[in-house]
Amino acid sequence: MLEQRLSQRLSEAEARYDELERRLSDPAVSSDREQLRTLGKEHADLRQVVEGYRAYRGMEGDVEAAREMLKDSKDADASFLRDEISQLEKKLSEMEASLREMLVPKDPKDDKNVIVEIRAAAGGDEAALFARDLFDMYQRYAERQKWKVDVMSANTPGVGGFKEVVFEIKGKGAYSRMKFESGVHRVQRVPTTESQGRIHTSTATVAVLPEAEEVEVQINPADLELDVFRSSGPGGQSVNTTDSAVRITHKPTGIVVACQEERSQLQNRERCMQILRAKLLQRAEEEQRSKIAAERKGQVGTGERSEKIRTYNFPQNRVTDHRVGMDLYKLPQVLEGDLDAFIDALAMKERADRLVAGGDGARA
């Protein structure tokens, strides 16, 4: 039998589900596209929980019926009924565990597209080359997931690699998987420019921002400072003859974004605004979180070598994710986009943490 608080939460979910079904059949709601979309999504999110709860109650009824039959059974039937009750109770226990997990609060941003920023940190030219390796790794991972990658801005130093690259990933569940990549990534290897074969340690930072819709972030045009300039390629040479590149400064926060990948000034301006909205949404959410919990102040720290979330050790063919203590001795495959083992482990850890943090109702 379900504990009282868990049973109460499931009953509330079922009542809300029934209410949503009634509202969705209302012509006034069906004619309002925005309300229909919002209520329809909530209804779909609750369906699995409610169907599982109803199946649990049906199984409970089967157990009670079997127990009643056991009271009146003869010795020949008693053993069979006891075995059946034991199997049903085991299934009930499994169903209860499943219901508990379904009630774990979900991250509402999981279905969003993402904007990813990779920046070379400690290590000079080698850090820029490593930033390029990370970009290639995520591009290959996106291909495996059938996601689309679109470069929004890139700063390429003369040695190759990226001093900074910003790109968008579009696809189902992009944020739910990519959010675990935020942080400092550390590489240990012999650089191509190293003549004495010494191993160097360099870092690059990765920030993963959920894409923000215009309705989520209101931006006052008077708060924006717009600059235009000519796009440049590797080494700084001009790649066009018009001022199509755009830089936008958000004066209240000091956030600066620049885009030069598109052909027209208008397209680059739209790209800049897209990045700016994501950054402002992230900033607002971090400010809100800081009021209720002393969480880490940013996604990527200072980029120092000691602040790593993952280490890529070339001499040992090893990749280590320090958050879950996982070592994989298949570095080339990881750099080819084979990230699921790490991401699955981190997603499992997140679900466990959310279950603990979900309050008494989630633990009940």
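Bear in mind these aren't lab numbers, they're just calculated from the coordinates by the rules spelled out. A quick note: this is a predicted structure, and the numbers were derived from the prediction, not measured. Cβ coordinates were reconstructed from backbone atoms using ideal geometry, including for glycine residues, and neighbour counts include every protein chain displayed.
For a paramagnetic label modelled at 7 Å from the Cα of Lys91 toward its Cβ, which residues of segment 41-66 fall within the zone defined by backbone nitrogen distances under 20 Å? Counting only backbone N, you get 48-66.
For Met273, Met152, the sequence from fewest to most other C-beta atoms within 10 Å is Met273, Met152. Placing dummy labels 7 Å off each Cα toward the beta-carbon, the span from Arg263 to Arg354 is 4.2 nm. About its Cα centre, the dipole of segment 4-103 is roughly 300 debye, where the only charges are +1 on Lys and Arg Cβ and -1 on Asp and Glu Cβ.
Within a straight-line Cα-Cα reach of under 17 Å, Lys146 can be paired with the following aspartates and glutamates, leaving aside sequence neighbours fewer than 8 residues apart in one chain: Asp110, Asp111, Asp136, Glu168, Glu336, Asp338, Asp340.
Ignoring lysines fewer than eight residues from Lys163 along the same chain, none have Cα atoms less than 16 angstrom from its Cα.
In percent, what relative contact order does the chain have, based on Cα pairs under 8 Å that are 6 or more apart in sequence?
Numbers: 578 pairs, mean separation 60.8, N = 364.
Averaging sequence separation for qualifying contacts and normalising by length gives 17 percent for the chain.
Placing pseudo-labels 7 Å out from each Cα toward the beta carbon at Val228 and Asp107 gives an inter-label distance of 3.8 nm.
Using 0.36 nm per residue of separation minus the Cα-Cα distance, give me the extension gain between Glu12 and Leu70 in nm, one decimal.
Working: separation 58, 0.36 × 58 = 20.88 nm, distance 3.37 nm.
Full extension from Glu12 to Leu70 adds 17.5 nm.
Quick one: Thr192, Thr249, fewest Cβ neighbours within 10 Å first, how do they rank? Walk me through the intermediate numbers first.
Values: Thr192 10, Thr249 17.
Listed from fewest to most nearby Cβ atoms, that is Thr192, Thr249.
For the pairs Lys106/Lys172; Lys106/Lys170; Lys148/Lys179; Lys148/Lys251; Lys112/Lys308; Lys41/Lys109, note any where the Cα-Cα span goes beyond 23 Å. Mind dumping the intermediate values first?
Details: Lys106/Lys172 16 Å; Lys106/Lys170 20 Å; Lys148/Lys179 16 Å; Lys148/Lys251 32 Å; Lys112/Lys308 26 Å; Lys41/Lys109 13 Å.
In this structure, Lys148/Lys251; Lys112/Lys308 lie more than 23 Å apart at Cα.
Could you calculate the contour length gain from Asn220 to Asp26, that is, 0.36 nm times the residue separation minus the distance between their Cα atoms, to one decimal place in nm? Can you show the working numbers first?
On the way: separation 194, 0.36 × 194 = 69.84 nm, distance 3.72 nm.
In short, 66.1 nm is gained.
Site pair Leu81 and Ile255 shows an inter-label distance of 6.7 nm when each label is modelled 7 Å from Cα along Cα→Cβ.
Say we join alpha carbon atoms closer than 10 Å with springs in a Gaussian network model of the chain; which of Ala207, Ala120, Ala66 then has the biggest fluctuation? Judging by the Gaussian network model, the answer is Ala66.
Just need the Rg to Rh number for segment 4-103, please, alpha carbons only, Kirkwood Rh.
A ratio of 1.20.
Electrostatic bookkeeping for Phe162 treats Lys and Arg as +1 and Asp and Glu as -1; over the other residues with beta carbon under 15 Å from its beta carbon, the sum is -4. Computed from the C-beta positions of Lys41 and Gln333 and an R0 of 45 Å, the FRET efficiency is 0.80 to the nearest 0.05.
What ranking do Val159, Val257 get, fewest neighbouring Cβ atoms within 10 angstrom at the top? It would help to have the intermediate numbers written out before the result.
On the way: Val159 14, Val257 22.
Ordered by Cβ neighbours within 10 Å, fewest first: Val159, Val257.
A DSSP coil position with no more than 10 other Cβ atoms inside 10 Å describes the following trypsin sites (Lys or Arg not before Pro) in segment 70-133: Lys74. Calculate for the chain the 222 nm mean residue ellipticity that helices alone would give, adding -39,500 (n - 2.57) per DSSP H run of length 4 or more and normalising by residue count, nearest 500 deg cm²/dmol. Result for the chain: -16000 deg cm²/dmol, rounded to the nearest 500. For the pair Lys146 and Phe314, the difference between a 0.36 nm per residue extended length and the Cα-Cα distance amounts to 57.6 nm.
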